[in-house]
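Just below is one structure, and these are the notes that go with it.
The values are calculated or read from the model by the stated rules, or taken from the named source; none is laboratory data. Computed from a predicted model, the values in this text were never measured in an experiment. Quick reminder, even Gly has a Cβ in these numbers, built from the backbone with ideal geometry, and neighbours come from all protein chains shown. When the accessible area is computed, the model is the full protein with side chains, heavy atoms only, and any ligands, DNA or RNA have been set aside. Shrake-Rupley method; radii C 1.70, N 1.55, O 1.52, S 1.80 Å.
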Amino acid sequence: MSLAEQVRLEPLRRPSRAPRLLLSELWLVFGRRRNQVLLVVLALVPVLVGVAISVSTAEVEPGQGPPFIDRVSGNGLFLAFTALAAVVPFLLPLVMGVVAGDAVAGEAQAGTLRYLLTVPVSRTRVLLVKYAALMVFGLVAALTVALVGLAVGVALFPSGEVTLLSGTTVPAASAVVRALLVAAYVAVSLAGLSAVGLAVSTFTEVPVAAMATTVVLAITSQILDAIPQLGWLHPFLFSHHWLAFGDLVRDPVPTGTLASGLLLQAGWVAISMAVAWSRFTTKDVTS
Amino acid sequence: MTSQVLAPQPTRPAPDSPAAVRTTGLTKRFRGGQVAVDDLDLVVPRGSVTGFLGPNGSGKTTTIRMLLGLVVPTSGTVELLGEPVPRSSASVLPRVGALVEGPAFHPYLSGRANLMRLDAADRTVDRHTSGARIDAALDRVGLGSAAGKRFRTYSLGMKQRLGLAGAMLRPRELYVLDEPTNGLDPQGTREVRTLVRELAADGCTVLVSSHLLAEIEQVCDRVVVMRAGRMVTAGTLDDLALVARPSVVVETSAPAAALAVLRRLGATTASVDDDGLRVRADLPDVPVEDVTRALVLADVPVRGIGRSGRSLEELFVELTGEGFDVAG
C-alpha cells in the first residue's frame, strides 16, 4: 500500500461512541488463558460437591459443612447455593485478587500501559474501564458457579418445588431465579474487594505483588471478622456481609442485612477508587 | 479501500506555525534527587527530522516521556504542535505517533490483535476503517505475513516493527521515535530510515532519538545532542559539519619539515602521527592545492595529501564525553 493511500485512511465522520475500549478490555480479560483456567476451577466446585454428596452415604447434620449442604440430596437446586457458599470465603476472593491485582500492574510490567496512555486514553478512563471489566468478570465467575451448580444438581438429584429456609415452598423456576439473584449479590459483594485490588495494582509494577496483597487483605478481613472482641470493627469490613445471601432463600426476603451489605460495598468502592484515582493520575509512568 | 477520499493530511505547515515540539526550562528530578533532565529548551521545527542524540542515560527517554505526558516535569513546560501537554493531551496526542523505550505489547496476543487493542482505545478514529488501517500499518513495516502470530514469538526486530506499526495506525503530524532502530539488523535499519524519509516527505515532523549517530545521521536535518540531562548542542547538520573542522593530512618521509611549512601556513594544531609518516594539521581555510604548492616549494617530499574531515561521530564523542556505542 502506498503512502498516499495510507494517508487517505484519515479518520472521518464523528468519533466512535461504541465502548470499544471496554469490549477490548473484556476480550483481554476473558481471552487470557489464566483467567479461563480460574473460571474452570470455579466451575469444578459444584461438580466436586455434587459428586461427593451423591456417592456418599454419610448423614450430614444441618450446620455441618457449607450452608445448605444437608438439603442438596433432597433437592438438587440447593447445590447452586451450597457451591456459592463454598467459594465465597476463599476461592472467589483469590480469583478476584488475581484478576484485579493484574489490572494495572500487569500492563505496567508489560509496558503496554505507556502505549495505552499515549494513544491517548485518560488515566481516569483506564481505571473506569479496568474496573468495569473486573465487575463483569466477578459476575461471570459467580454465575458460572450458580449455573453449573443448578445443572449438576438437577442431573444428580431430584428437583422440583423448593422448600425455602423460611418453610415456604416455591416452584423450581422461582428457585432458579433466586439462585441467579444470589449470584448477582455475590458478584456485587466482590465490588469492594475488586476496587481494593485495583487500587493496590496502581502502586506497583509487579502484578504478583498486587495479587498477593489483595488476597491477603481479603483473608485478613475475614480473620478480623471472626474475632468477637473486634465487634465494633466488623460492620466496616468488606467481607462482613459476604454470606448474607442466605436471606435471598427466605420468604419474604429480609432486606435489611442485604442492603447493609450493598451499602458497605459502595463505601469500599468509593474509598478504594478515590485512592486508585489519586495515585494513578499523578504517578510517573516509567515502566 | 473504500470511498473516503480525503485530502492527504497532514499538509505542509505554514511557515509561521508553532514548533512541533517546544519545551522551556524542562526539568525532571526523580525522587531520590537524581536529575534526569535539567533545564531543557528543546525546539523541533515543523517539518524537520530532528535527531535526538546522546549516550544511554543522558535523559532522552525521560524527555520523551515528559513530551507524551507519561512523566510529570518537576518544572518547565511542554508544548506539542502548539498545545500544552499534559493539559491538552486528549486533543494533541492523537496527532502524535510514538515509540517509547522499545515496543511493548501483550505477549499472548497476535500482532494484529495488539494493534486492534490500540486502535480500540483511540476515541477519535472511525472504527469502520480499523481493519484497513491496521493492515496498511502492518504492510508498511513488512509484518503482513506475521500479523497472526503471537507477539511473544516475534524476534526483536519484528517487535520493533510492530511498535512502528502502532505509531502509524493513522496519519500523524508528529512522530516521536525513541531508538527505532534498536535491535534491527542492517537491512531493518535501512528500512526504518526509508520510513522516516517517507514520513518527512509527507510533511510530518519526526523526532528520532538514538545513541548511535551513524544510524540516523543520514535522515536528520537537525540534531540535538544531550549529555547528562543537559542539551550540549543543537542545530542543523550543516552547522555542525562546519564545527567539525576538517584537517589536512600529509604523508611524507620528512615530517619535521612538513610541520614547519604547515605552521607557517597558519595551522594552530599540527602533529605527527604515531607511525611518523603522516602529519596532521588544522587548516580549515587554506585550500589543499595551496598547501601542496607550499610543501613542494619548500622541498618537502610529499607521498600523499588530502583532507580528513573529522567525522561528526568524533565531534559527538567530544561533545558528550563518551563514545557512542558502535556495537549496537
**Request:** Return yes or no: is A:VAL95 closer than 25 Å to A:MET135 by Cβ and either modelled with pLDDT of 95 or more or not in a loop (DSSP other than H, G, I, E, B) (or both)?
**Result:** yes
**Item:** Residues of the stretch B:116-145 satisfying the condition of being facing another protein chain (nearest Cβ under 8 Å), open to solvent by less than 40 Å² (accessible area, probe 1.4 Å) and polar (S, T, N, Q)
**Value:** B:THR129
**Asked** Among the residues of the stretch B:93-115, which ones are buried (at least 23 other Cβ atoms within 10 Å of the Cβ), more than 8 Å from chain A (Cβ to nearest Cβ) and among the hydrophobic types (A, V, I, L, M, F, W, C)?
**Response** B:LEU99, B:LEU115
**Hits in the stretch A:136-156 - residues which are open to solvent by less than 20 Å² (accessible area, probe 1.4 Å) and farther than 12 Å from A:VAL47 by Cα** = A:PHE137, A:GLY138, A:ALA141, A:ALA142
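Mind counting the residues in the stretch B:171-194 that are of a type outside the set (Gly, Ala, Ser) and either open to solvent by 20 Å² or more (accessible area, probe 1.4 Å) or in a loop (DSSP other than H, G, I, E, B) (or both)?
Result for the stretch B:171-194: 15.
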**Asked** If you take the residues in the stretch A:1-40 that are facing chain B (nearest Cβ under 7 Å), in a loop (DSSP other than H, G, I, E, B) and over 25 Å from B:HIS106 (Cα atoms), which one is modelled with the highest pLDDT?
**Response** A:PRO15
**Complete:** Of the residues in the stretch B:54-68, those that are buried (at least 23 other Cβ atoms within 10 Å of the Cβ) and touching a helix residue (DSSP H, G or I) at 6+ places or on another chain (Cβ under 6 Å) number 1
**Prompt:** Of all residues in the stretch B:21-33, how many are assigned to a loop (DSSP other than H, G, I, E, B) and open to solvent by 60 Å² or more (accessible area, probe 1.4 Å)?
**Reply:** 2
**Scope the stretch A:222-246; condition out of contact with any Asp or Glu (no Cβ under 8 Å at 6 or more places or on another chain) and assigned to a helix (DSSP H, G or I); matching residues** = A:GLN222, A:ILE223, A:LEU224, A:ASP225, A:PRO228, A:GLN229, A:LEU230, A:PRO235, A:PHE236, A:ALA244, A:PHE245, A:GLY246
**Prompt:** Can you pull out the residues in the stretch B:265-290 that are assigned to a loop (DSSP other than H, G, I, E, B), touching a residue at least 12 places away in the same chain (Cβ under 8 Å) and more than 12 Å from B:GLU251 (Cα to Cα)?
**Reply:** B:LEU265, B:GLY266, B:ALA267, B:THR268, B:THR269, B:ASP282, B:LEU283, B:PRO284, B:ASP285, B:VAL286
**Complete:** Scanning the stretch B:82-92 for residues that are more than 8 Å from chain A (Cβ to nearest Cβ) and closer than 23 Å to A:PRO19 by Cβ gives B:SER91
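Just name the residue that is farthest from the other protein chains (Cβ to nearest Cβ) out of those in the stretch B:201-216 that are assigned to a helix (DSSP H, G or I) and surrounded by 19 or more Cβ atoms within 10 Å (Cβ to Cβ). Let's see the steps before the verdict.
Let us first name the residues in the stretch B:201-216 that are assigned to a helix (DSSP H, G or I), namely B:201, B:213-216.
Remaining after also requiring surrounded by 19 or more Cβ atoms within 10 Å (Cβ to Cβ): B:213, B:215-216.
On the way: B:LEU213: 26, B:GLU215: 22, B:ILE216: 20 Å.
So the residue we want is B:LEU213.
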**Request:** May I ask you to list the residues in the stretch A:186-221 that are open to solvent by 10 Å² or more (accessible area, probe 1.4 Å) and either in contact with a Pro (Cβ under 6 Å, 6 or more places away or on another chain) or part of a loop (DSSP other than H, G, I, E, B) (or both)?
**Result:** A:PHE203, A:THR204, A:GLU205, A:VAL206
**Breaking point among (1) within 14 Å of chain B (Cβ to nearest Cβ); (2) at pLDDT below 95, for A:ARG71** = (1)
